[in-house]
1. Which ³J(HN,Hα) values, rounded to whole Hz and listed in residue order, are derived for segment 555-566 from phi using the Karplus coefficients 6.51, -1.76 and 1.60 in 6.51 cos²θ - 1.76 cosθ + 1.60 with θ = phi - 60°, glycine and proline given as x?
2. Could you work out the relative contact order of segment 581-665? I mean the mean sequence separation of Cα pairs under 8 Å and 6+ apart, divided by the number of residues, in percent.
3. In the structure shown, do any of 257/320; 257/356; 203/404 have a Cα-Cα gap over 29 Å, and if so which?
4. Mind checking Rg over Rh on the chain, alpha carbons, Kirkwood formula for Rh?
5. Averaged across orientations, what area in nm² does the convex hull of the alpha carbons in segment 98-227 project?
6. Remind me, relative contact order of the chain in percent, using alpha carbon pairs under 8 angstrom and six or more residues apart?
7. Using the Cα gyration tensor of segment 1-79, with a ≥ b ≥ c the square roots of its eigenvalues, what is the shape: rounded (a/c below 1.5), prolate (a/b larger than b/c) or oblate (neither)?
8. Starting at 0 and stepping by 10 Å, how many percent of the alpha carbon pairs of segment 532-578 end up in each bin?
Amino acid sequence: MNKIDPITLEVLRGSFHSIVEEMRATLIRTAYSPILSLSYDFSCGLLSPKGELIGMSEDFSGHVFAMSIGLPHTLAKFGGKLNPGDVVMMNDPYIGGTHLNDVVFYTPYFAGKKLLLFIAVRAHWQDIGGSTAGSFTGRATSILEEGLRIPPVKVVERGKRNMALWDTIFSNVRLADERQGDALAMLDTTRVAEMRADELVAKYGANIVERGRDEILDSAERVMRKRIASLPKGEYYYEHYMDNDGMSNKPVPIKIKLTIENDSMTFDFTGTGPQSVGPTNGGPPIAPSAVFVIVKSWLDPETSVSGGSFRPLKFVLPKKTMVNAEYPAPVGACWGLFRSIQGATIGLFSQVMPQKAVGDVFGEANHTYITGFDLERNKEFILYEYPMGGYPGTSENDGSTGSKMWDVGGVCIYPAESAEERQPVLMESAEVRRDGEGPGFHRSAFGITRKIKVLTDCQLSVVAEKVVIPPFGTGGGYAGSVNTFSVLREGEEIFPSPDVPGKIKAFPLKTGDVVIVRSSGGGGVGDPLTRDPEDVRRDVIDGYLSAERAAEVYGVILKDGVVKAQPTHKRRESLKQQRRYFKVAPAAVDSYNAAGLRLCPISPSDASSMSVVDGDLVEYVPPVGAPLRAWVVVKKDQKPGKLPLGPQGMRILRVTSRDSIELRVLKPGMKKTG
């Protein structure tokens, strides 16, 4: 009686996804703000009564799995006292939200008296209150600066809207009419899903739908456990670094230990940086959601996304660290943390499954807010841009330029016509970022350059990552370019917030200023000196690469658009000889500073020959897998030609005392004053 025939199961699976697709279409067509109707910064899902995902379309996994993690807290608060017609609203990051702008509506769906599903919609509101228009500031020191924090509350009860709550919320946000329009669109979206669920239950009956729901989850769990069971067992480590915490220019470490046992995985974040004063924090959903994207992509890319795939994964998230922050920690930069955790997980999987190499991701959403008062339209305006970069290189192909990451649906560039119609701006250009790739045998995407001219005095706020520390390459691939945010004023390029790059709060813009956003494309895969010269030539002909970069990085010499074979061979051999290799010197312990940053002890003569000084960023480059970043410490007693590595570092890089390893100097992001 518990079985369901495979044909009916697939029909139900398709029906769940179809419902979510119609939810998406409804919200796109009815939302007021362009961030939803044009940029699709929202996600929809169907959840089981326990919160496990059973239906998803081209949504953002960071949104959807946060819904799953937040629902049990919501149920616990109401103690099962949910009724048909209820809608619960929530954005609390400490129990299941992301950043405050992402507001979720949960709607319980009952078949008779049986709670069968939850319908969930999470949408980015362009403002949720707080100290800065758009509610984004890279310099927040408390969540109170970032807007309204909403615990699970019934915004609709038994079909009747709670107008006291409604009016309170929308009296505390900017552009309230637009926000209310988005909220009503979200409610309409849940109603569409209810109608389609009614039709499904009427056709198959609640019991069959329930069995299909449970089998979708159980089958996904079986597939994932089988894939995990095929992996080499043991413990794996990786360490990764974020630019800063928003308040200082000191990098912040992310450390993960992966334990693979039988058919399960445990991800332990012990050693990750403490909860920061600035906004580089996340609540409980951020790390698990980020890890899951990589696990699913690597181990089970063929089947649809389901909460059952999540069951074999366990997490250790130490309290009061940036992966499990508590009040009053701000969380505005949680998506930078999300992407950085993905990068760290890529570093882990490059050890577990080295045959599936992928470079580090390009950063995050590059949140760019231009806000002010529009005198011509006589109202406030909020332009929210998040120019995407593109895919990193992989073991199979080059990265795709000017696109979103693999786990995000929607568009990557805000349409110029809509922006100019709604705000006093001129969208001057959006173009491929020349020489902006992560070089490799398979290069990353090139990223894009976006220029926005402001037609009135206003303000610029930015929350972004990988502005200082570039995304890493793997398998000998090079790091990608960094994201940059600047202002062109009277012919001079100004870099706001030079002391804490990527975190800008209400920088004053003058009429005629041009905001320039340059996005990265991620890291490359494989040695760029082994890239097919014809592929390099094609990138030069297409205008993506300069001839100078083709020669300097790929060793390809062109004349009149043709590859010169002999000069190319000589150039590549010359570049190989310029690489610096050091003998691995096993050390008793790994060397870290008080902030948890890995240190690279180096002799004065080696430092001089490599033109590095204390505090410079370098990376140990293994022939296979992800590199290990460290900061130079020049030591007089360090033997030339040798690099000390502790047990952890040797394990990550998979080297022994018999090996030599390349040490590569990294160029940090721009730090010009303005």
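Since every read-out is calculated from the coordinates, none of them should be taken as a lab result. This structure is a prediction, so every number in the text was calculated from the model and none was measured. All Cβ positions, glycine included, derive from the backbone under ideal geometry; neighbour counts span all protein chains shown.
1. The phi angles translate into x, 9, 9, 10, 9, 6, x, 10, 6, 9, 4, 5 Hz.
2. 48 percent
3. 203/404
4. My calculation of the ratio gives 0.98.
5. 10.9 nm²
6. So the answer I get is 12 percent.
7. It comes out oblate by the Cα gyration axes.
8. 31, 57, 11
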